[in-house]
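Read-outs throughout are calculated quantities, based only on the coordinates presented, and are distinct from any laboratory measurement. Treat the numbers as computed from the prediction; the structure is a model and nothing was measured. Neighbour counts are summed over all protein chains in view; Cβ atoms, including those assigned to glycine, are modelled from backbone coordinates with ideal geometry.
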Ligand SMILES: [Zn+2]
Ligand SMILES: [Zn+2]
C-alpha cells in the first residue's frame, strides 16, 4: 500500500479546521500542551498500566467468554469513580464519565483473544487453554493485541479524568466483546447501547499493528472491508457412483457454483471497486462410489462500497439458485449468517485529527492516507457504531514494532510478525502510550474547552 506522510502546515490553526467541520470547541485546545499533560499522566500511571497489560495478556479469553477480562476492567473503572454497567451484549461493559453539558464521545476497546497458541517466548506469554464447542481443547492468545487496546483504554480514561478541566461533555467507554467474530458491536447495540446510555456524537477506536512503534496512521474514507459470511447448501439426490443418471449430483452443482460465482466479481461488479468472493469450505460426500445428496459451501465476501456489497450478496444468491435450477434440483439454502459494513472514517474529521496529532506528536509520527487510496482488506465491526455516518467516527491504526526489534528481524532475514501471528508481540510501552495520546487528543479535539 502506498502511504503518504501527512505534512500539515503547523500554522494551520485548529480554528480553521473548526470552521470546516462545525465543531468550534477544539479551537481552544493547544495540542502540544495537551500532549505533555497526557504524557505526564501516562508516566504516573505506567506501573499500573503495564501490570494490567501483562495480566490481561496472560489471561486471554475468546469471543463472548470474556467474563474475567470484563470483570478486571469494570473493577479498574469503578476504582476510578467511573459509573459502570456490565453484561451489555453478553460480556461487554460500559463506563460513563459525565463532565457537564457538551458532546458525547464513545471510546471503544475490544475484549477478546484468539483460539491459538502463543509462540512469542515472552516471560508473561499465555498458556491459557479453553474447551471449544466441538469438545476439543485449544490454546488462547491475545495475538490481535486487544490486551494493548484495553490498557490504553484504561489509560485514556485516567488521562481524561485527570484533565476534566480541559474538556466538557460525556465520555462513553465501551468494552466490546467478540470483535474477532465481528458480532460484539451488534450485540451491544442490540442490547441498548444507544438507548440505555447517552448516544454518542463522536466515536473513536484504534488498533495496534506491525508498523513502526509510535506511528499513527489515519485512512480517510473506507478503511476496512465489509465482511459477510454466507453458507450455501445444495440439495441433490444420492445414488450409486456408477449411476449418475439416477442422481442429482450436488458435487457437480457445488463445483459449477465455485467457478460461476467468480463472474459476479469479473462481470457484475464495477472493476474499479474492491470486492472478493472466496469459497473457503466445500463439504460433500463420504466415498468415491457414492453420489451424496447434499453439498455445503462456506463463503466469505469482502467489499468497501455498500453498493458493491449488495451486488456480491445478490450475485451469490442468484448464482446458487441458477446452478440448482440447471440441475433440476430444489432451490438451495443460501444463508447470510453474519456480516459487518466497512469502517468509513469521516474524511473531514480524519483530516482534522491528523492535523491535531501532527501538531501534538510531530509530523514524523502521523500518516494520513487519502480516501482515493485503497483501505485494508481485513474487517472490523467498529463500523456498527457509526450508523452509516450519523455518529462521526475515526478509527486509528497505531504502530507497535520497536526499531530494535525491526533491526534484529531484518538481520535474521525474518518478517515483522503481523496481527494473528503466534509471534505477534508489539512493544507495550510505546504502543500503550501512543494509544492514550491518540484517543485522549481525539476526545479533546471534539470536546475540549
Ligand atoms: Zn484480530
Ligand atoms: Zn483486532
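Some notes on this structure:
- Principal axes of region 374-449: Cα extent on each, largest first, Å: 48, 31, 21
- For region 275-367, taking Cα atoms only, Rg and Dmax work out to 22.0, 70 Å respectively.
- Across all directions, the average projected area of the convex hull around the alpha carbons of region 94-134 is 5.7 nm².
- The slack in the chain from residue 260 to residue 98, taken as 0.36 nm per residue of separation less the alpha-carbon distance, amounts to 52.8 nm.
- Peptides ranked, highest mean first, by Cβ atoms within 10 Å: ranges 379-390, 409-420: 379-390, 409-420
- Fewest neighbouring Cβ atoms within 10 Å first, the residues 402, 242 line up as 242, 402.
- The antiparallel fraction among DSSP beta bridges confined to the chain stands at about 70%.
- The radius of gyration of the Cα set in region 315-429, together with its Dmax, comes out at 21.4, 66 angstrom.
- Ordering of 278-290, 194-206, 79-91, 435-447 by packing is 435-447, 194-206, 79-91, 278-290, highest average first (other Cβ atoms within 10 Å, averaged per residue).
- Over the chain, the Kirkwood radius and the radius of gyration, each from Cα atoms, give a ratio Rg/Rh of 1.02.
- When the alpha carbon coordinates of region 108-257 are projected onto the principal axes, the ranges are 81, 42, 31 Å, largest first.
- Dimensions of region 226-340 along the principal axes, based on C-alpha atoms and rounded to the nearest Å, stand at 47, 23, 20, largest first.
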